[in-house]
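The values are calculated or read from the model by the stated rules, or taken from the named source; none is laboratory data. Keep in mind the model is a prediction, meaning the values are calculated, not measured. Note: ideal-geometry Cβ built from the backbone for every residue, glycine included; neighbour counts use all protein chains shown.
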Amino acid sequence: MNSFVLYLYLVKATVTAFSGLTSLPVIQHDLVDVRHVLTESQLNAAVAAGRTAPGPNGSYVISVGYFVDGIPGAIAGYFAMITPAFLILPLLRYVGSRAEQPRVKGAIQAVTIAAAALIVSATLPLARDSITGWLPAAIAAASFLTVALTKIDTFWIMATSAAAGLAAFFLHL
């Protein structure tokens, strides 16, 4: 796939996203389901790389670009990741002064709910691909409960989950 075309697909996903991973369903649909230039496993790896690296949650698009087109794809992913930030500045200036109006507040709340629904819809196919037995299901459930019920930093939850997965692999569980 041409790097410019890849950039257009990725920027479509990142511009329509309202937080890091809400672009995931768009990327999955365009690059995995329709174009077949990315596999579910590669998308999972890209999300994992983006979540473990420091920086914004949407940085996984750089890894997506790399999996699709190597270094030029990673560059396209980087530019797709930063494009919304440059486009949002004029919008913030315009909307910022109107943020307390009931219609604007309602629109912001609707966008937040839509973003949450997109994250859930993207998580289910990824979970199906990565949860392959009782142990990965137990690790995923424990991780979810820890995130939902405690204030433990995500890094420690992911590190503990990775350690549990590695221990299970080496113990042949």
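Only one residue in I88, I82, I75, I71 is at pLDDT below 80 and not small (G, A, S). Which one?
Step by step, each of I88, I82, I75, I71 is checked, and only I88 is at pLDDT below 80 and not small (G, A, S).
Among the residues of the stretch 19-32, write down those that are under 15 Å from L118 (Cβ atoms) and in a helix (DSSP H, G or I). I'd like the intermediate steps shown before the answer.
Taking the stretch 19-32 and keeping what is under 15 Å from L118 (Cβ atoms), we get 19-30.
Across the stretch 19-32, the qualifying residues are G20, L21, T22, S23, L24, P25, V26, I27, Q28, H29, D30.
Does the stretch 18-37 hold any residues that are over 14 Å from V68 (Cβ atoms) and buried (at least 23 other Cβ atoms within 10 Å of the Cβ), and which are they?
Once the filter is applied, which keeps residues that are over 14 Å from V68 (Cβ atoms) and buried (at least 23 other Cβ atoms within 10 Å of the Cβ), the stretch 18-37 yields T22, S23, L24.
So, restricting to helices (runs of 4 or more DSSP H) that lie completely within the stretch 38-147, which ones have at least 2 residues that are of a type outside the set (K, R), exposed (fewer than 15 other Cβ atoms within 10 Å of the Cβ) and in contact (Cβ under 8 Å) with a residue 40 or more places away in the chain?
It comes to 40-52, 102-130.
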